[in-house]
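**Q** Sharing a structure with you now.
The numbers here are math on the coordinates, done by the rules we state, and not lab data. Worth saying up front: this structure is predicted, and the values here are computed from it rather than measured. Backbone-built Cβ (ideal geometry, glycine too); neighbour counts: all protein chains shown.
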Amino acid sequence: MKRLLGNIKIAFQALFLNKLRSFLTMLGIIIGVGAVVAMLSIGTGAQQSVLGSIQDMGSNLIIILPGNPEEENYMGAQLAFGTQKSELTIDDLRAIEREATLITEVAPIIISSSVASYSNKSTQSTVVASTEKGLEIYNMKIEKGKFYSRSDVSNALNVAVIGQTVIKNLFGKTDPIGKIIKLDGKNFKVMGTLEARGTDTFGNDQDSSISIPVTTAQNKLYGLDSYNMILAQSISEKDIDAASEEIKSILRKYRNIRFGEKEDFMVQNQTQILDIMTTIIGVFTVVIAGIASISLLVGGIGIMNIMLVSVTERTREIGIRKAMGAKNRDILVQFLVESIVLSITGGIFGILFAVSVSAILSRFTVLETSVTVFPIIIALSFSTVIGLFFGIFPAMRAARLNPIDALRYE
């Protein structure tokens, strides 16, 4: 142990004797470790953000969408509220309400973008139209006032519940309850406000939403008899997969889809969405971290190069140490320790760099980052292996020097 500590001390002395050269040598390791840890922290943060966004919508949500995702025009059909054949209607909604046994609530949803205005102020907002059941299913919480009722939906009344961004942009500090706003030129009475939800995983402002009765959206704003989607809530989280299959079976039967034919709708639940998003983010993170780790390889080559230079510069020192009784193993260990110290020091600076970058991204951008112990351990271990691997050849070269030739070296 004493000998090892002595070698570590010698290694740090060698680093401080050539500060600039040591820093430039470590730069590849610093960038590599920093990039790997930063990318993994962004990936972990993104996964946590996705999980949080999905859980904010409730833990047992099932989403029914029109169209088949395998069709070429699927996205176009989605934007156009579904094709005539695949669109979701009130008959689909009633079939699910009537026959499904594993769900507690079901509600239609129409989502669109509209300009909301009050007095001389206006703001772009997301209109989320649903029934009175949408409050619970979509996990919205009322801050002030109330949500629209079943009677409001039946009578297609022009009432609205608005989010915090809409309040800020249109009313400032004025109480919006009871005020009349305009949506696409039509008057709506504000009957409630929603609690703040913040931004979602993709940076979208969830507080810029305005919720209105779905019948009002269909009859007075958009002239539709279909829905963007239908949301259902399973009786429990463990029953969500069975409930999804039950809904799929009901819609296949109602739409007369024969065995072997593809559905003209899609049923997804939160577990499936989370798995898909986690897989995508995981693959993306690994690929980016893999590319970033190339800097570690470059840094390792830099360490090997500088250690070879160090062996040449210290040839006479090696000869003196061997003349005083140092064995080949002692010389080998000394230069290996120097290489590993150089690499680990670069790794520590790289981790500090990654933590700083992650903090800046979390503070000034919509990206969520989460620096955990696992990527730090992986990065430090990898940098240690890099130092060991690329230090072996220079260390062996130093150990094999003939002491007589080394003493004669000028």
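**Q** What list do you get for VAL355, VAL166 if you sort them by fewest beta carbons within 10 Å?
**A** VAL355, VAL166
**Q** How big is the gap, in Å, between the Cα center of region 350-399 and the Cα center of region 200-275?
**A** 44
**Q** Which of rounded, prolate, oblate describes region 128-210, given a ≥ b ≥ c as roots of the alpha-carbon gyration tensor eigenvalues and a/c under 1.5 marking rounded, otherwise prolate only if a/b is larger than b/c?
**A** Because a/c hits 1.5 or more and a/b fails to exceed b/c, region 128-210 counts as oblate.
**Q** So which chymotrypsin sites (Phe, Trp or Tyr not before Pro) in region 199-280 pass both tests, a DSSP loop state and at most 12 other Cβ atoms within 10 Å of the Cβ?
**A** Hits after loop and neighbour filter: PHE202, PHE259.
**Q** I'd like to know which of ILE64, THR174, SER226 lies farthest towards the positive end of the charge dipole of the chain, counting +1 on Cβ of Lys and Arg and -1 on Cβ of Asp and Glu.
**A** In the chain, that residue is THR174.
**Q** From the residues PHE147, ALA107, LEU93, which one has its Cα farthest along the dipole of region 87-263 in the positive direction, the dipole being from +1 and -1 charges on Cβ of Lys/Arg and Asp/Glu about the Cα centre?
**A** The listed residue farthest towards the positive side: PHE147.
**Q** On to the next question. If you count, for each residue, the other Cβ atoms within 10 Å and average over each peptide, how do 125-136, 181-192 line up from highest to lowest?
**A** For the peptides 125-136, 181-192, the packing ranking is 125-136, 181-192.
**Q** Using Cα-Cα distances under 8 Å and only pairs 6 or more residues apart, what relative contact order does the chain have, in percent?
**A** The value is 29 percent.
**Q** In deg cm²/dmol and to the nearest 500, what is the mean residue ellipticity at 222 nm of the chain if only DSSP H runs of at least 4 residues count, each as -39500 (n - 2.57), divided by the residue total?
**A** Computed mean residue ellipticity for the chain: -18000 deg cm²/dmol.
**Q** What GluC sites (Glu not before Pro) in region 181-278 are in a loop by DSSP, with at most 11 other Cβ atoms within 10 Å of the Cβ?
**A** When the GluC sites (Glu not before Pro) of region 181-278 are filtered for loop state and at most 11 Cβ neighbours within 10 Å, GLU261 remain.
**Q** Could you work out how much longer the chain between ILE377 and ASP241 gets when fully extended? Use 0.36 nm per residue separation minus the Cα distance between them, nm to one decimal.
**A** Between ILE377 and ASP241, full extension yields 45.3 nm more.
**Q** Roughly how many nanometres apart are two label points built 7 Å out from the Cα toward the Cβ at PHE259 and GLN272?
**A** That separation, rounded to one decimal, is 2.2 nm.
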